[in-house]
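In what follows, a single structure is set out as structure tokens and then discussed.
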């Protein structure tokens, strides 16, 4: 019987405590301010040759006039994107780099002027089957990076400059500065 009495007292005490607590008044609402810094997504980007080695110059070696006529000299390269955070896509656009221009008398050709009346075409994907990243119109190409990385594959081809013929081409070293602008989305 003693045990039953204790349980009865506890059972009565518990409801009395909750009644006493509900009679207490206090703060009826609270406020909070949430802060954060919104960051643009980003990736590490690097220009690489076809083998995946980092480069800043894409070497073509010796090119003969017959190569220019046949448009047979091309080199593969890519922009490799890694460690992407907060990025689903990259929009890539090529333009003449510092001191560079497009070929042609009006500087509106499809290739990037390299001197000696030649230029370099840049193709997204492969030459002829890909899409020309024309110097004169600077189209934007997109790359899906939702997996956190990706390669933007390209080919460069050396060609006779717009408005020129093979008889205009002179011998010597040539180079064309190209800047790739990347906008992350």
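The values are calculated or read from the model by the stated rules, or taken from the named source; none is laboratory data. Predicted model, so just to flag it, every value in this text is computed and none were measured. Cβ placement follows ideal geometry from the backbone for every residue including glycine, while neighbour counts extend to all protein chains displayed.
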Q) Of (1) within 14 Å of the chain's Cα centre (by Cα); (2) modelled with pLDDT of 95 or more, residue 185 satisfies all except one. Which? A) (2)
Q. Going by the structure shown, is residue 128 without any contact (Cβ under 8 Å) to a residue 24 or more places away in the chain and more than 16 Å from residue 87 (Cβ to Cβ)?
A. yes
Q: Inspect the range 58-66 for any residue being under 29 Å from residue 122 (Cα atoms), assigned to a helix (DSSP H, G or I) and modelled with pLDDT of 95 or more and give the result as yes or no.
A: yes
Q | All strands (runs of 3 or more DSSP E) inside the range 70-185 with 1 or more residues being over 20 Å from residue 57 (Cα atoms) and touching a strand residue (DSSP E or B) at 6+ places or on another chain (Cβ under 6 Å) | A | 74-85, 89-96, 140-144, 150-160, 178-184
Q. Any idea which of 118, 159, 178 is over 30 Å from residue 38 (Cβ atoms) and without any contact (Cβ under 8 Å) to a residue 60 or more places away in the chain?
A. 118
Q. Does residue 160 fit the bill of being under 18 Å from residue 72 (Cβ atoms) and exposed (fewer than 13 other Cβ atoms within 10 Å of the Cβ)?
A. no
Q: Mind listing whichever residues of the range 131-146 are exposed (fewer than 13 other Cβ atoms within 10 Å of the Cβ) and without any contact (Cβ under 8 Å) to a residue 40 or more places away in the chain?
A: 131, 137
Q) Among (1) in contact (Cβ under 8 Å) with a residue 60 or more places away in the chain; (2) surrounded by 13 or more Cβ atoms within 10 Å (Cβ to Cβ), where does residue 98 come up short? A) (2)
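Return the only residue of 89, 83 being in contact (Cβ under 8 Å) with a residue 60 or more places away in the chain, within 22 Å of residue 51 (Cβ to Cβ) and surrounded by fewer than 20 Cβ atoms within 10 Å (Cβ to Cβ). Break it down into steps so the answer makes sense when it comes.
On the way: 89 fails: within 22 Å of residue 51 (Cβ to Cβ).
Testing whether each residue is in contact (Cβ under 8 Å) with a residue 60 or more places away in the chain, within 22 Å of residue 51 (Cβ to Cβ) and surrounded by fewer than 20 Cβ atoms within 10 Å (Cβ to Cβ) leaves just 83.
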